[in-house]
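Heads up: the structure comes next, in structure tokens.
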Amino acid sequence: HWNFGDGGTDTVQNTSHTYTASGTYLVQLVVATKHGCSDTLTRAININPSPAPSFTVLTTCSLDSVYFTNTSTISSGTIISWSWNFGDTHTSTVQNPVHYFDSTGVYIVSLTVTSDSGCTSIKADTVQYSKGITARFKYSSDCQFNVFFKDTTIAAIEDSIVSWNWNFPGGTPSAANTHTAAVNYGTQGSYSATLTVTTAGGCTGTKTDTIVLLPSAHADFSPSGGTTNVGVEINFMDQ
């Protein structure tokens, strides 16, 4: 008769038992013969804890790399090794690695940690990675100081632009429809226009340009009119 010290028992000669928590357990074995003779043996069994794997991820679109920070813990003992799989055929055994992904996308990253007693645990999580984006726009104007803007930013194939923020100091927007906008500046001069775009992957890009608006041309010429005679040459001059 086996008593495993955690409430579990068994009555076979040779057995196995799984403990669900770490700690020290007093395991007792009672053996008996058919004549009623018996003996008892008690031994302490130490169950080592499994590590609790965890990590944090820092992505920034101004840099090409992703920063991983190991935050795994263990109740007793120490963690002695870390095995990373970044989901793009690359691996690492550094405790806090920095990894470069070749392209924007969603990756399943796993971390396997091993304790000094040989216990291992694994944690997997998804990481959405986006490369930086450079905002761009083009514009055209008319003679009434209206300027028409259009976003020409190109996002990565796996990413998409989800918001546009236009800023026109000194101008009055008459329309702003996602990737297009129109503004009237009222008079000639130099004005700044700024576009900030944000992608589904969390990347932002900003573009500022100077808009120079000149007054419309005023057509005039001499002579300004009047009466003259047939056959008389008239000299015209652009004014």
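The values are calculated or read from the model by the stated rules, or taken from the named source; none is laboratory data. Note that this is a predicted model, so its numbers are computed, not measured. Virtual Cβ from ideal backbone geometry, glycine too; neighbours counted across all protein chains shown. Note: accessible area is taken over every heavy atom of the protein model, side chains too, but ligands, DNA and RNA are not part of it. Shrake-Rupley method; radii C 1.70, N 1.55, O 1.52, S 1.80 Å.
Of interest is the spacing of the C-alpha centroids, which for the stretch 34-112 and the stretch 130-188 amounts to 47 Å.
Between residue 162 and residue 59, the distance separating the two model label sites (each 7 Å from Cα on the Cα→Cβ line) works out to 1.1 nm.
Near residue 223, once Lys and Arg are set to +1 and Asp and Glu to -1 for all other residues with Cβ below 13 Å from its Cβ, the sum equals -3.
Taking 127, 98, 57, 230 and ordering them by how much accessible surface each has at a 1.4 Å probe, largest first, produces 230, 98, 57, 127.
Only protein heavy atoms count here; on that basis, with a 1.4 Å probe, residue 121 has an accessible area of about 30 Å². Look at the dipole of the chain built from charges on Cβ: of 175, 198, 111, the Cα furthest out on the positive end belongs to 111. Per residue, the solvent-accessible area of the stretch 81-231 (1.4 Å probe, heavy atoms of protein chains only, all protein chains present) comes to 58 Å². In this simple spin-label approximation, residue 48 and residue 83 carry label points 7 Å from Cα along the Cα→Cβ vector, and these lie 1.5 nm apart. Think of each Lys and Arg Cβ as +1 and each Asp and Glu Cβ as -1; about the Cα centre, that makes the dipole of the chain roughly 640 debye. Heavy-atom accessible surface of residue 108, to the nearest 10 Å², is about 110 Å², with a 1.4 Å probe and all protein chains retained. Look at where the Cα atoms of the stretch 193-209 and of the stretch 1-23 average out, and the two centres are 62 Å apart.
FRET efficiency for the residue 209 to residue 180 pair, using the beta carbon distance and R₀ = 25 Å, is estimated at 0.95. For the chain, a Gaussian network of Cα nodes joined below 10 Å ranks 152, 120, 89 by mean-square fluctuation, and the top entry is 89.
Of the accessible area of the chain, computed with a 1.4 Å probe over protein heavy atoms only, carbon and sulfur atoms account for 51 percent. Model label points for residue 93 and residue 190, set 7 angstrom from Cα along the Cα-to-Cβ axis, are 6.0 nm apart.
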